[in-house]
Each structure stands twice: as structure tokens, then as C-alpha cells.
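Enquirer: Next up is a structure, given as C-alpha cells.
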Amino acid sequence: MQTLRVHDKEFEPYLSAAAISAKVAGMAEAINNDYAGKKPLFIAILNGSFIFAADLFKNISIEAEICFIKLASYKGTKSSGHVITAIGLDTDIIDRHIIILEDIVDTGKTLSEFLPQLQHQQPASMVIAALLHKPEATVYPIDIKYLGFSIPNKFVLGYGLDYDGLGRNLGEIYQLAR
Ligand code: 5GP
């Protein structure tokens, strides 16, 4: 098996480009069936989801829109600690059917903090499509309507996901070798 060195760590191949492509096409097919006539608005969360979002969206054959946002976390004044805000959400989501595109759900913290903020803007519906999920890492349970792969609690990179800036351009997904 061909391992890969990125910065100081060794990674081994985990999910092939073909396996990812087939899975993403299947996810898009399910969305095409479920959302026909609803003109959903996809909201892709940058940076990690940019390749997943592009590949999924190319397989969407129904009328649909997409926008890209970045989440910024800053220390709030409340005791709850960090506050997450969306940068770049310039589309009105009221009464829209929203499909959030996320590369990976790990602890669930990011989405558990961000989703209630979107709910405040009263979309008609809101679901999550995530390429990867690490069930063993769950701290904040998140309902993922469209899931690509459930994976072990090991660090992954490739297909948009980075390790300290590198690896996003890999067509396959690699896993940290132990
Ligand atoms: P959560 O808030 O669910 O704990 O974390 C979600 C974010 O953490 C993801 O969007 C991603 O940016 C980052 N993340 C979590 N696990 C991994 C991983 O295995 N590899 C990479 N590259 N990023 C990860």
C-alpha cells in the first residue's frame, strides 16, 4: 500500500476516488428524488467541502441553487464561550429548503452551534449532507440525512480535507497511519 508523507505524518490510502465518486453520485440521486420541484438551496461550508460540493452539485439534475459560506468562530461575551458566524451567506433562506454540505462531522460541535442560527431565519426545511462522519467522536449528536461514509475516529485528509494546509488536492481520502 502506497503511503504518503505530509508534513511530519504518514498517511495510507483509505477511500479510492472511484468509491468516493460512486457514493457522491448516489447521494445526489437521493437528493434529486427527494427534492424535485422544491428548488433546494445548498449551503456548502468552506474550506473542506469545496470538492465534495462541486462533485455532488454536478450530479444534481433538478432545479437547485448553491452558495458557499465560511464559518468563523470568535470568543463571545456570554458564558457559552465561542460564537460561530457565517461569512458570505448573502442569500435569503426564509421559506427555502436548505441542504447543508459538510465535508466531515467529527464531534458535531460546529454544526450544533451553527444550525440553530440558521433555524432562526426560518427556512422551510433544513437537512445535512455530509461526506464523512466519525460516530465514535460524537459529542454533540447531529442528524445527518445524507451520509457518504461512516469512518473510524482517525484523522483523514484528501478530497478537500487538509492537514495543516496540505492535501486538499488529493483525489483519494487518506487516513493517518499508526
Ligand atoms: P466538529 O465540529 O464536527 O468537531 O468538526 C468539524 C470540522 O473539523 C470539519 O469541518 C473539519 O474541518 C475538521 N475535521 C474534523 N475531523 C477531521 C479530519 O479527520 N481531517 C480533517 N482534515 N479535518 C477534520
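The values are calculated or read from the model by the stated rules, or taken from the named source; none is laboratory data. Just so we're clear, the structure is a prediction, and the values are computed from it rather than from any experiment. All Cβ positions, glycine included, derive from the backbone under ideal geometry; neighbour counts span all protein chains shown.
Enquirer: Do the conditions hold for Asp55, that is, is it within 11 Å of the ligand (Cβ to nearest atom) and surrounded by 14 or more Cβ atoms within 10 Å (Cβ to Cβ)?
Expert: Numbers: within 11 Å of the ligand (Cβ to nearest atom): no; surrounded by 14 or more Cβ atoms within 10 Å (Cβ to Cβ): yes.
No.
Residues checked against (1) among the acidic types (Asp, Glu); (2) surrounded by fewer than 17 Cβ atoms within 10 Å (Cβ to Cβ); (3) without any contact (Cβ under 8 Å) to a residue 40 or more places away in the chain:
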site: Met126; (1), (2), (3): no, no, yes
site: Pro135; (1), (2), (3): no, yes, yes
site: Asp143; (1), (2), (3): yes, yes, yes
site: Tyr146; (1), (2), (3): no, no, no
site: Pro152; (1), (2), (3): no, yes, yes
site: Leu157; (1), (2), (3): no, no, no
site: Gly160; (1), (2), (3): no, no, no
site: Leu166; (1), (2), (3): no, yes, no
site: Glu172; (1), (2), (3): yes, no, no
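Enquirer: When you check Phe52 against the structure, is it without any contact (Cβ under 8 Å) to a residue 60 or more places away in the chain and of a type outside the set (Gly, Ala, Ser), yes or no?
Expert: Working: without any contact (Cβ under 8 Å) to a residue 60 or more places away in the chain: no; of a type outside the set (Gly, Ala, Ser): yes.
No; evaluated as a whole, the condition is false for this residue.
Enquirer: Of all residues in the stretch 105-158, how many are more than 10 Å from the ligand (Cβ to nearest atom) and at positive phi?
Expert: Residues in the stretch 105-158 being more than 10 Å from the ligand (Cβ to nearest atom) and at positive phi: 1 in total.
Enquirer: Please work out if Gly165 is farther than 21 Å from Gly26 by Cα, at pLDDT 95 or above, within 14 Å of the ligand (Cβ to nearest atom) and out of contact with any Leu (no Cβ under 8 Å at 6 or more places or on another chain). Even if it seems obvious, please write down each step before you answer.
Expert: Numbers: farther than 21 Å from Gly26 by Cα: yes; at pLDDT 95 or above: yes; within 14 Å of the ligand (Cβ to nearest atom): yes; out of contact with any Leu (no Cβ under 8 Å at 6 or more places or on another chain): yes.
Criteria met by Gly165.
Enquirer: Continuing with the same structure: Somewhere in the stretch 65-85, is a residue under 20 Å from the mean Cα position of the chain (by Cα), surrounded by 18 or more Cβ atoms within 10 Å (Cβ to Cβ) and away from the ligand (no atom under 15 Å from the Cβ)?
Expert: Among the residues of the stretch 65-85, not one is under 20 Å from the mean Cα position of the chain (by Cα), surrounded by 18 or more Cβ atoms within 10 Å (Cβ to Cβ) and away from the ligand (no atom under 15 Å from the Cβ), which makes the answer no.
Enquirer: Moving on. Within the stretch 87-138, take every residue that is of a type in the set (A, V, I, L, M, F, W, C) and assigned to a loop (DSSP other than H, G, I, E, B) and give me the one that is modelled with the lowest pLDDT. Outline the logic, then answer.
Expert: Of the residues in the stretch 87-138, the ones of a type in the set (A, V, I, L, M, F, W, C) are 87, 89, 93-94, 98-101, 104-105, 111, 114-115, 118, 124, 126-132, 137.
Checking the rest, the ones that are also assigned to a loop (DSSP other than H, G, I, E, B) come to 89, 93-94, 124.
Numbers: Leu89: 91, Ile93: 97, Ile94: 97, Ala124: 98.
Out of the qualifying residues, it is Leu89.
Enquirer: Follow-up question, since we're still on this one. Within the stretch 1-41, how many residues turn out to be in contact (Cβ under 8 Å) with a residue 60 or more places away in the chain and touching a helix residue (DSSP H, G or I) at 6+ places or on another chain (Cβ under 7 Å)?
Expert: Residues in the stretch 1-41 being in contact (Cβ under 8 Å) with a residue 60 or more places away in the chain and touching a helix residue (DSSP H, G or I) at 6+ places or on another chain (Cβ under 7 Å): 2 in total.
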